[in-house]
Amino acid sequence: MNKLGSILSSLTGGKKKTVVVSEKQKIRNYIRQRKEVVSETDKSLDAQRVFDKIELLPEFEEAQTILLYWSMPDELPTHNFIVKWSKRKQILLPVVKDDDMLIKPFSGKEDLKRSTYGIWEPDSQKEYMSKIDLVIAPGIAFDKNKSRLGRGKGYYDRFFINKRIVKIGVGFDFQLLESIPVNQFDIKMDKIITPSFSIE
């Protein structure tokens, strides 16, 4: 978790906003390189360790509606966890539409369709508009201050505005850094869970 300084040390000059964007992109590039060497076996084992910890959290045990993500190949795997818990809890998945993130119920793998962004989403016209108890969110990187760095589109940050929802960020150990650059629109998580670390 001490890689960040060396990653960002080459930054020089420029306006603050430009520097923050440049710093974020350097981190995204660094994390992408780290992900490329993670085996499928290690991905599965790491996911098991993360979700074993989540299942023990009171916030998870008490939650009836949970917003998750149907993982892409470069993300901490969620498919097995979603299928398992969809039998006992209302599992929701995000659907990207223009600049917004809509929420739709998960009803089974067979009801997912691949979006233009390559993300598998519920193929349903029904949008979920009721209370969400818990969000388990992906990220490119997190830090010990519970900040989250996403892919740069701001979907989750806009969705979280003015909502009282418990937010847990999940990822691989190398996605947890000492600190990451943030701006006024970045929403912090309530907890960060990786295979080896729990930040509360």
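Tabulated data
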quantity	calculated
Those residues of region 40-99 which are among the aromatic types (Phe, Trp, Tyr) and touching a Phe, Trp or Tyr at 6+ places or on another chain (Cβ under 6 Å), in sequence order	Phe51, Trp70, Phe81
Scope region 62-86; condition in a strand (DSSP E or B) and surrounded by fewer than 19 Cβ atoms within 10 Å (Cβ to Cβ); matching residues	Thr65
Candidate set from region 10-61 (those that are part of a helix (DSSP H, G or I) and of a type in the set (Ser, Thr, Tyr)); member that is modelled with the lowest pLDDT	Thr18
Strands (runs of 3 or more DSSP E) wholly inside region 87-200 containing at least 1 residues that are aromatic (Phe, Trp, Tyr) and in contact (Cβ under 8 Å) with a residue 24 or more places away in the chain	120-122, 141-143
Hits in region 108-151 - residues which are under 19 Å from the mean Cα position of the chain (by Cα) and either among the β-branched types (Val, Ile, Thr) or surrounded by fewer than 16 Cβ atoms within 10 Å (Cβ to Cβ) (or both)	Arg114, Ser115, Tyr117, Gly118, Ile119, Ile132, Val135, Ile136, Ile140, Lys144, Asn145, Arg151
Looking only at region 164-181, and only at residues there that are closer than 18 Å to Phe60 by Cβ and among the charged types (D, E, K, R), the one that is modelled with the lowest pLDDT	Arg164
Only one of Asp133, Asp143, Asp123, Asp157 that is charged (D, E, K, R) and farther than 19 Å from Leu92 by Cα	Asp143
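The values are calculated or read from the model by the stated rules, or taken from the named source; none is laboratory data. Computed from a predicted model, the values in this text were never measured in an experiment. Cβ: placed from backbone, ideal geometry, glycine included. Neighbour counts: every protein chain shown.
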